[in-house]
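Here the structure comes first, spelled out in structure tokens, and everything after it is commentary.
Derivation of every value follows stated rules applied to the coordinates shown; laboratory data play no part. Being a predicted model, the structure only gives us computed values, none of them experimental. No Cβ is skipped: glycine too gets one built from the backbone with ideal geometry, and neighbour counts run over all protein chains shown.
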Amino acid sequence: MSDEQAKKQQLSQAFHTQTEEEVLSNLNTTPKGLTEAEAEKRLAEYGSNELDEGKKSTMLQKLLAQFKDMMIIVLLIAAAISALVPNAEGHREWVDAIIILAVVVINAIMGVIQENKAEQAIEALKEMSTPDAHVLRDGHNITINSHNLVPGDVVLLEAGDIVPADMRLFESSSLKIEEAALTGESVPTEKEVVVLEDSEVGIGDRINMAFSNSNVTYGRGKGVVVHTGMNTEVGKIANMLANADETETPLKRNLNQLGKFLTFAILIVAVIMFFVGTLLRDQGWVEMLLTSISLAVAAIPEGLPAIVTIILAIGTQVMAKRNSMIRKLPAVETLGATDIIASDKTGTLTLNQMTVEKLYVDRHEYDAQGEVPADSLAVKIMNYANDSRFDKEGKVVGDPTETALIQFGLDLGFDVRVEVEKEPRVADLPFDSERKLMSTIHKLADGRFFVAVKGAPDVLLNRVNTLNVNGDILPMTDEEKQTILTANTNMAKQALRVLGTAYKFIDSVPEDLDSEHIENDLIFAGLIGMIDPERPEAAGAVKVAKDAGIRPIMITGDHRDTAEAIAGRLGIIQPGDDSAVLTGAELNLMSEEEFASKITNYSVYARVSPEHKVRIVKAWQQAGKVVAMTGDGVNDAPSLKQADIGIGMGITGTEVSKGASDMVLADDNFATIVVAVEEGRKVFSNIQKAIQYLMAANLGEVLTLFIMTLMGWDILLPIHLLWINLVTDTFPAIALGMEPAEGNLMARKPRGKNSNFFSGGVMSSIIYQGILEAATVLFVYWSAIKWPVHTALNVNGLDATQLYDLQHADALTMAFVTLGLMQLFHAFNVKSVHQSLFKVGAFRNKTFNGAILLSFVLMMGIVVIPGLNDIFKVTPLDRSQWLIVVGASFAIIPIVEVVKFIQRRMGKI
């Protein structure tokens, strides 16, 4: 067999199903480790024990990628036309071109910045590697840099170490390893030197393995390295991160759709206008080409990308104040489209903090928050048979289960530090995974010794022959034992981790300190039920999400019973509904087609691996859902990146999970996600309002120009269109992005993955409102020609030609001002697509009020200020003309209000 074949065979082996001898033989090593020469050879063969950086795009590649969007391409074409093609007066519109290019460049730079931030995920994963490892080389215990570890190295582990590579254990002395970042399991895993039969068992159940980057919390162990670098479990996660496809956000998809629609619509209208003018109106083709191009430029909302970016940025600021830190701008809007919130359990829905919840003593079950007897022997035992310690700041440190027991004692007023001063520990039997017990011996003031024992209830009950009930020592009958076992079962059904406590008194400490002498003839004291409890606000947040049509699901590495119980308590599923729970092992047996057909049946996924999480997210996405995935561990990173929006935890989250996320919760509070969803819905609604406003205005301009051309009238000049777009488009559209949320936002169902900015009646509103704007402007122009009202027309001394020119100049000015002012009045209409202006509040947005006022002043200024009206080729209007212009412009508000009223009465909304 060649070296390459041997390497592939080694990588594919299920070492957890092999005996120690088989593992050592397959890795061609010994219990004394490798020789230095062999280690150097393997280092050259397998490479350094570190994660690959992955393929990175250059800065130029990232920058060029930003110009692939259809909207950006349309804007670049518009900029080129403005700069290269002269208008009717022979001038090129350099100002237009510069503004458009500035918008495009700023948008591209922001995109590159966000992409650079996203690449920090892999780099953070690399930095997790431990610097040193204790290995046997040539039979000697030495310390080396973990990067130099190779398969076949024998590594020694002890409490406080970070596991430097994936290992198969062959020695374990009370070894416990905390693997929450990889598996989601909130309790450290007790490692045992056994041979497992199932080759497909999940990594959380591989109790004879230790995985790279997990933490040794208790005991000691020894094992042989089986995988290093990118072949470790954490390496597989890094590879999934590097190769994950970037999910297209709803915002990006909607903007692309809008860009394509505008491109084709504008081209069609421009071509029609060109042929109508040249063939039907008998105008010169050069003149009509320039007119068609002017129309095309007028139809493009060149400020839209900048306005969308500004609205998103405003949303990020609001969300930051509410503990949601946005890493990628489109994530703000994506939240509003969320159908599924796929939440990790540990640290997200729960506190990631083991807590005593039930106590069974004196034949009675107590809630931990209730009236638990503080003088109970069970409380004393759980504190005595405990290896936790206090650091310099007085914080309890150690195994999470044991620190929870100490904290429970402190909450009841039992300070173990004080008690052990009076009754010091003189000997102990450490916890052992085979006997599943731990005992400590304490010297009493009367010279006797108190033996405190805690451990697995079923094992402990075999060691007791009496029980303590309210101070009375009674025989342990079969009936009593069955009552205790029933209490144990009831706690276990509530997903509680149950420990039993017992004790006895001895006159002296035996020389043979073993289980047979110490842990027999015990007196039963009670049971302790513990759990990683749900966050207090999580159940309320789940209910709000459901009311908003969002389906919360739980994806966890924890056991099925624990996940089911927590999900039931939170309201994610009905309590006891095990049919809504799917395990990773069951998922492995399903084909992609079968899983896709049953995806909606499950709301809880337990005992899953990182690959399962990605598969679950993809299945929901294939079902047409927008998926938000929360998580805090390394194991969550691939699914966070795969999801439409990844939500990392800011406090308990690893740097890897934060780096793979679109949004980070500063308070790790599940309820904050629901708040963020509401803000995301508001942002989408406001972007939709801005688009409705801009598109209706641009449609009005296009139709006005088009019909003026057909009628052979004077048409609005490019400078008129530029000024209207600059003044009436930008400020009001941005201000619409700051509109408060409408009251019924969280009562609406998610808008759906296939929705777009034109959904929900927006397209029909754009069409009729754009037609209304054009019709009003054309009517004002026509009536000014038909019935001139300017007092100058009655002045003697003007010949017919002068009167004609002034008449048409007045008409064009009135059309220009009407078009501009009407758009400002129309901005009030789009405060809500369907609700009445009087219900949403016409003037409650102070920013909007200021924007309208500023735009109004700028619009009026070029007409009334001498000199400016000459530059813009407009004429001063008298009082009668102003009344006509303002009246016609304002008319759009009552007309749209009537249409909205009819729509509501007809049930169109």
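Results, tabulated for the structure shown:
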item: Pairwise label distance in nanometres, Val886 with Asn744, each label 7 Å out on the Cα-Cβ vector; result: 3.5 nm
item: Estimated inter-spin distance, Met711 and Arg905, nm [label 7 Å along Cα→Cβ]; result: 3.1 nm
item: Phi to ³J(HN,Hα) by Karplus 6.51 cos²θ - 1.76 cosθ + 1.60 over the range 317-332, Hz, x for Gly, Pro; result: 5, 4, 5, 4, 5, 10, 6, 10, 9, 8, 9, 10, 3, x, 4, 4
item: Inter-centroid distance (Cα atoms) of the range 854-909 relative to the range 656-718, Å; result: 23 Å
item: Alpha-carbon centroids, the range 152-199 and the range 452-487: separation in whole Å; result: 33 Å
item: Order of Asp561, Asp362, Asp636, Asp138 - criterion: other Cβ atoms within 10 Å of each residue's Cβ, fewest first; result: Asp138, Asp561, Asp362, Asp636
item: The range 822-839 and the range 530-560: distance between their alpha carbon centers, rounded to Å; result: 39 Å
item: Estimated inter-spin distance, Ala775 and His517, nm [label 7 Å along Cα→Cβ]; result: 10.3 nm
item: Normalised contact order of the range 585-698, rounded percent, pairs of Cα under 8 Å and 6 or more residues apart; result: 15 percent
item: Candidate aspartates and glutamates for bridging to Lys493, where Cα separation is under 19 Å - those fewer than 8 sequence places away on the same chain excluded; result: Glu185, Glu357, Glu365, Asp367, Asp458, Asp532, Glu534, Asp558, Asp561, Glu564, Asp577, Asp578
item: Amide H contacts under 5 Å for Tyr605, placed H, 5+ residues apart; result: Met554, Ile555, Thr556, Leu582
item: Net length gained if the chain between Ala809 and Val418 were fully extended (0.36 nm per residue, minus Cα distance); result: 131.1 nm
item: Exposure proxy order (Cβ contacts within 10 Å, fewest to most) of Trp882, Trp787; result: Trp787, Trp882
item: Amide H contacts under 5 Å for Thr217, placed H, 5+ residues apart; result: Gly160, Lys176, Ile177, Glu178
item: Under-5 Å amide H pairs with Arg497, H placed in peptide plane, nonlocal only; result: Met530, Ile531
item: Length-normalised contact order of the range 356-531 in % [C-alpha pairs under 8 Å, at least 6 apart]; result: 26 percent
item: Near-label residues of the range 575-590 by backbone N, under 16 Å of a point 7 Å along Cα→Cβ of Asn601; result: 577-590
item: Cross-link pairs Lys689/Lys900; Lys41/Lys222; Lys345/Lys454 - those with Cα-Cα distance over 19 Å; result: Lys41/Lys222; Lys345/Lys454
item: 3J(HN,Hα) from dihedral phi, the range 439-448, Karplus parametrisation 6.51/-1.76/1.60, rounded to Hz, x for glycine, proline; result: 9, 10, 10, 10, 7, 9, 5, 8, x, 7
item: Residue-by-residue Karplus 3J(HN,Hα) for the range 380-393, coefficients 6.51, -1.76, 1.60, Hz, glycine and proline x; result: 5, 5, 5, 8, 6, 7, 7, 9, 5, 9, 10, 7, 4, 7
item: Residues Leu60 and Leu854, FRET efficiency given R0 of 56 Å [Cβ-Cβ distance, rounded to 0.05]; result: 0.90
